[in-house]
Amino acid sequence: MKISLLLVLLLLLVSSVFCYEINIGGSMPKGVYSDDLDRDGYVDLVVVTLNYYVRILLNNGDGTYSNPITLPGGKKKSFTQRLYDFNNDGWTDIDGFVALTDSLGNIQVTQRIHINNNGVFDEDVYIDVPPTPHETSYLVHYGDWNGDDYTDILLWDDGVYYLVQNNSGVSFTATGETLAGGGWGGFRDMDSDGFDELLLSSSEGLCVYKYPDLVSPFLILPYYGSFRSVETEDLDHDGDLDIFTSYCDGSTYSRVCIFENTGNYNYQAHNNVYYDYRDMDGVLLRDVTNDQYLDVVNYAYVSPYNPSGFDFPFDLFYFLPVSMPNFPIYEDWSGFDYVDVDNNGFLDFILVWEQGGARIRVYYNDGMGNFSDNPVVANEDPVITPSPAPMIAAYPNPFRQSTTLDLRLSTTGETKLGIYNLRGQLIRSLLHEHRTEGTHQLSWDGRDDNGREQAPGIYFLRLESGGSICRSKLILMR
């Protein structure tokens, strides 16, 4: 049942708070990443440390974590919070930087990608990216620049970006292409042409580069300050990607500017819609209020999104009632994220900081405004082993006329597949019958049960089979 934002905020004020804390060891943390590294249905955590190491914490699914291996390789504090599958084998790899010393004692910093072998990492199984002149600054952007479906790398050092091309995940080539200046930004396919555009903050404004031109910006959006966060998301749920930026005004406040995508490469700026007296380098967009809209989050500070005007009203700004460490956390050696760690459909709060070494806390969200340590089921409670969850994929997505839906069922029995709008209303029942275990294929033509064409926007798939439910998002364009 959907809870109103006001009720969520009220519950947040009265909720009790517990968390699960792990002492990682005597290293200075630089951030936290997350992904289901072993594909067991639970999100694992990767803590990056200052001394060129990453600590893998595998989620055991019962509120505890194990540390099977520590890999050599450090990363700069994350702004995207993402890890990438560089060889497209379905398993997320881990990349970082290692400091190598040659026979003459010279130190060369090299980006190293540790390959995920069916959920297992070996520190001796890796690919080294060809050296570029980066020495101390490890700002990295990732994206499919040349449209071959493999993740390329853009490395920054001392005011210059260097492009490294991914050769089908087995090797990498430093192309020799460079881009002077630049700063915070990222890759994203803004126009669904199969090539990721590159967005970079500069003194001119937010520069948008379009393949294959890394020299002259295809588009320059207005300069409102030094953009320190750049994210691309469909903030207004109209089927296209908007651009979210945060920046410091040079005095007291950090602020936000949203460039609304109005079509045909036109963007309308919504400026000064949010104020925050803290550094907004680490600001993220996450749906913490469970209303399907992305909120601004900066550590445990949350500002809910107002969809009526690309606004984050300051009077709704609040602090999660979580027991924060009695140590400085708004520092370079800390990090955070909002991830559904326990797989219950709600975003949990993850915090890493330095306190006699690296520490990490997980605050589990039950969706009712309560954060707890999510204890293991008590002995007197029956333990129910659910059936493996069904899976569903749609392609193309976004789509205009029709999309193909691939269903993977792990059990035989009654199967339901429905399409819902943003209000949670069932508009199309595609399947309600007995289906056997295995793969099945259906399609949706963008119409409801009465044959009426649906408006462009976001829709949700809900697949139910064997007592388990799988959800996915569809974007309909006209």
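The values are calculated or read from the model by the stated rules, or taken from the named source; none is laboratory data. Quick caveat: nothing in here was measured; it's all calculated off a predicted structure. Cβ coordinates were reconstructed from backbone atoms using ideal geometry, including for glycine residues, and neighbour counts include every protein chain displayed. Just so you know, the surface numbers come from the protein's heavy atoms only, side chains and all, with ligands and any DNA or RNA stripped out. Shrake-Rupley method; radii C 1.70, N 1.55, O 1.52, S 1.80 Å.
Some values worked out for this structure:
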| quantity | calculated |
| --- | --- |
| Filtered GluC sites (Glu not before Pro), the stretch 182-241: DSSP coil and at most 15 other beta carbons within 10 Å | E204 |
| Residue-count net charge about E123 - beta-carbon cut-off 15 Å; Lys, Arg +1, Asp, Glu -1 | -3 |
| In Å², nearest 10: area of M391 left accessible to a 1.4 Å probe | 110 |
| FRET efficiency for A174 and T101, using Cβ-Cβ distance with R0 set to 25 Å, rounded to 0.05 | 0.75 |
| Rounded accessible area of K473 (nearest 10 Å², 1.4 Å probe) | 100 |
| The stretch 318-366: chymotrypsin sites (Phe, Trp or Tyr not before Pro) in DSSP coil with no more than 13 other Cβ atoms inside 10 Å | Y330 |
| S443, S66, reordered so the largest accessible area comes first (probe 1.4 Å) | S443, S66 |
| Sequence-distant aspartates and glutamates (8 or more away, or on other chains) whose Cα lies within less than 12 Å of K30 | E331, D332, E354 |
| Rounded to the nearest 10 Å², the accessible area of R435 at probe 1.4 Å | 50 |
| Per-pair calculated FRET efficiency, R0 = 25 Å: T411 and D287 via Cβ, rounded to 0.05 | 0.25 |
